[in-house]
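The values are calculated or read from the model by the stated rules, or taken from the named source; none is laboratory data. Since the structure is predicted, the reported quantities are computational estimates derived from the model, not experimental observations. Cβ placement follows ideal geometry from the backbone for every residue including glycine, while neighbour counts extend to all protein chains displayed. Please note that ligands, DNA and RNA were not included when accessible areas were found on the heavy atoms of the full protein model with its side chains. Shrake-Rupley method; radii C 1.70, N 1.55, O 1.52, S 1.80 Å.
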Amino acid sequence: MILLPSPNFASKACTVAQMGASKCIQSEMLHCRSGHNPVTSVPNLKKPLLSNSRAEVVKLSRKCSATEASNRAKSLIVAASPPTEDVLVSTDPLTKKDLVDYLASGCKPKENWRIGTEHEKFGFQTDSLRPIRYDQIAELLNGIAERFDWERIMEGDNIIGLKQGKQSISLEPGGQFELSGAPLETLHQTCAEVNSHLYQVKAVTEEMGVGFLGIGFQPKWGLKDIPIMPKGRYEIMRNYMPKVGTLGLDMMFRTCTVQVNLDFSSEADMIRKFRAGLALQPIATALFANSPFTEGKPNGYLSMRSQIWTDTDNNRAGMLPFVFDDSFGFEEYVNYALDVPMYFVYRQKKYIDCAGMSFRDFMAGKLPCLPGELPNLNDWENHLTTIFPEVRLKRYLEMRGADGGPWRRLCALPALWVGLLYDEISLQNVLDMTADWTAEERQMLRNKVPKSGLKTAFRDGLLKHVAQDVLKLAKEGLERRGFKEVGFLNEVTEVVRTGVTPAERLLDLYHGKWGESVDPVFEELLY
């Protein structure tokens, strides 16, 4: 789609967008005169000017203050999934300040903070337990669209997802089925959204002989058994992954996660939440560890999904120790992201393979795959989606450390992080608790938790003891929110009390009543 500038268009279009789910960022165009303060309301547009669109106007400033505005209007055109086309071609090259302002545009006052939950799950054929094929996925997507009024997302002739309001459904490389939820105010709304989605999926799949499994790693089938989805970006990633790690294809085709996306009010608030999230991410990994099987047998890990990320592509994954430096802020994250190798550029509805190339070179017009071409903020947004640390910054923060699991855990994960990060007292207590943790200790936890879970030794005790304190802070934070959300933590309360992770319970079943077969897990963790 091509949008023409309005008569009021100055040097660039000035658009801004509200936080959405990580794979479905949406925006509307809004024109403003260069040099004016950003406007504070959105016109009532009957039709969106970009597909997948919604917007909220925010101030574009590094410190997110009400008085600072960008010196010139910038073209903040945000990518959807699949990425949007170029809407306006910038006459001025992007600067690093533009990239910093893009991240800062996510700041919003506390009353506008929302909860965005995403989860992935494995589809399987109920008679053979084999992974579902793309033609079955297409039938499922079309069935949901027809029965429940979702809009189809196409790549060429292939249906690759759905959207409805602020929710989207997308496909991961091996056909993992993902719900990217709407930004919601309470955990009650979040859990209702999950339940509604699972009901809709089940209503269609029961007639197809298909089920969905809530687990962190494909328990039975090898890479050769996993179907490949017809999405251009995944072909580029599939070719690149073996060059930078040994487990990247396993990450793409055989893992599932649940994550929550949370807001911040300022650069300082972002820094505090980022640090708390990184420090405690290994605890979340332990609490939700749920991937102990590979190709029908125990794999030696409680979270194989988490272990896989240690040798996927260390240029774009990990614990980001620089986040704890005194100099850290939006600009430092931009510096980091500029040095993360690219995967692709999206032009004329095609993915152009730029794997391993530099976004810095792109900004200078020196990208080998597109010589002379300059990036826009679509390209920057797309690039940010290809970075995979344990906590990821966009215009919001993503907590990325948990395995996929059954529906109650899909509600518990956002409850944990909302209780810790959306309550000022709990957040400060987390920062105080972790203030003297060293980079080496944080990395040690990241390395050992996938295998030993809550039994990981830490200082003079076990990680279980730290988790007890963390859970208490999360419960207190939820209580102070006043929405009666503490019950959503019941699913992890028993895990913390006993120190026994979900994966260890699955292993007990495997060695006990399952008779050393993983097949019963498809019923045990069936949605």
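Among the residues of segment 396-409, are any under 30 Å from residue 96 (Cα atoms) and of a type in the set (Ser, Thr, Tyr)? Within segment 396-409, one or more residues are under 30 Å from residue 96 (Cα atoms) and of a type in the set (Ser, Thr, Tyr).
For segment 268-300, the candidate set comprises residues that are open to solvent by less than 10 Å² (accessible area, probe 1.4 Å) and β-branched (Val, Ile, Thr); within that set, the residue that is nearest to the chain's Cα centre (by Cα) is 285.
Among the residues making up segment 302-322, a single one is assigned to a loop (DSSP other than H, G, I, E, B) and under 17 Å from residue 405 (Cα atoms): 302. Could you tell me whether residue 174 is under 22 Å from residue 491 (Cα atoms) and either surrounded by 22 or more Cβ atoms within 10 Å (Cβ to Cβ) or in contact with a Pro (Cβ under 8 Å, 6 or more places away or on another chain) (or both)? It is false that residue 174 is under 22 Å from residue 491 (Cα atoms) and either surrounded by 22 or more Cβ atoms within 10 Å (Cβ to Cβ) or in contact with a Pro (Cβ under 8 Å, 6 or more places away or on another chain) (or both).
Residues checked against (1) open to solvent by 20 Å² or more (accessible area, probe 1.4 Å); (2) within 25 Å of residue 154 (Cα to Cα); (3) modelled with pLDDT of 95 or more; (4) among the charged types (D, E, K, R):
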position: 179; (1), (2), (3), (4): no, yes, yes, no
position: 195; (1), (2), (3), (4): yes, no, yes, no
position: 203; (1), (2), (3), (4): yes, yes, yes, no
position: 246; (1), (2), (3), (4): yes, no, yes, no
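Applying the criterion of being open to solvent by 10 Å² or more (accessible area, probe 1.4 Å) and part of a helix (DSSP H, G or I) to the residues of segment 354-378, the residue that is nearest to residue 92 (Cα to Cα) is 363.
Restricting 303, 265 to residues that are open to solvent by less than 10 Å² (accessible area, probe 1.4 Å) and of a type in the set (Ser, Thr, Tyr) narrows the list to 303.
Answer yes or no as to whether residue 137 is at pLDDT 95 or above and assigned to a strand (DSSP E or B). No; evaluated as a whole, the condition is false for this residue. If you check 492, 518, 496, 500 for being open to solvent by less than 10 Å² (accessible area, probe 1.4 Å) and outside any helix (DSSP H, G or I), only one passes: 518. Select, from 504, 476, 516, the only residue that is closer than 23 Å to residue 126 by Cα and at pLDDT 95 or above. So the residue among 504, 476, 516 that is closer than 23 Å to residue 126 by Cα and at pLDDT 95 or above is 516. Scanning segment 392-405 for residues being closer than 27 Å to residue 506 by Cβ and either among the β-branched types (Val, Ile, Thr) or assigned to a strand (DSSP E or B) (or both) gives a total of 6. For beta carbons closer than 7 Å, sequence separation of 6+ or different chains, a first residue in segment 324-349 that is touching a residue at least 60 places away in the same chain (Cβ under 8 Å) and a second that is among the basic types (Lys, Arg) and surrounded by fewer than 17 Cβ atoms within 10 Å (Cβ to Cβ), the qualifying pairs are 334/96; 338/360. Scanning segment 338-353 for residues that are surrounded by fewer than 20 Cβ atoms within 10 Å (Cβ to Cβ) and either under 30 Å from residue 279 (Cα atoms) or among the aliphatic types (A, V, I, L, M) (or both) yields 338, 339, 340, 341, 352.
With respect to the conditions (1) open to solvent by 50 Å² or more (accessible area, probe 1.4 Å); (2) in contact (Cβ under 8 Å) with a residue 40 or more places away in the chain; (3) among the charged types (D, E, K, R), residue 224 falls short on a single one, namely (2).
Considered as a group, the residues in segment 365-385 that are touching a residue at least 60 places away in the same chain (Cβ under 8 Å) and aliphatic (A, V, I, L, M) include one that is farthest from residue 97 (Cα to Cα), and that residue is 374. Given the criteria in a strand (DSSP E or B), modelled with pLDDT of 95 or more and not polar (S, T, N, Q), does residue 215 qualify? Against the criterion (in a strand (DSSP E or B), modelled with pLDDT of 95 or more and not polar (S, T, N, Q)), residue 215 does not qualify. Within segment 407-461, the set of residues being surrounded by fewer than 20 Cβ atoms within 10 Å (Cβ to Cβ), touching a residue at least 40 places away in the same chain (Cβ under 8 Å), closer than 30 Å to residue 525 by Cα and of a type in the set (A, V, I, L, M, F, W, C) comprises 407 only. Within the bounds of segment 177-200, is there any residue that is of a type in the set (Val, Ile, Thr) and either free of Cβ contacts under 8 Å to residues at least 40 places away in the same chain or assigned to a strand (DSSP E or B) (or both)? No, segment 177-200 contains no residue that is of a type in the set (Val, Ile, Thr) and either free of Cβ contacts under 8 Å to residues at least 40 places away in the same chain or assigned to a strand (DSSP E or B) (or both). The condition of being assigned to a strand (DSSP E or B), touching a residue at least 12 places away in the same chain (Cβ under 8 Å) and within 18 Å of residue 318 (Cα to Cα) holds for only one of 281, 259, that being 259. Just one residue in the set 463, 478 is in contact with a Pro (Cβ under 8 Å, 6 or more places away or on another chain) and not aromatic (Phe, Trp, Tyr); that residue is 463. Residues of segment 424-459 that are under 27 Å from residue 505 (Cα atoms) and of a type in the set (D, E, K, R): 442, 446, 448, 451, 455, 459. Note on segment 120-136: residues that are open to solvent by 80 Å² or more (accessible area, probe 1.4 Å) and over 16 Å from residue 158 (Cα atoms) amount to 2.
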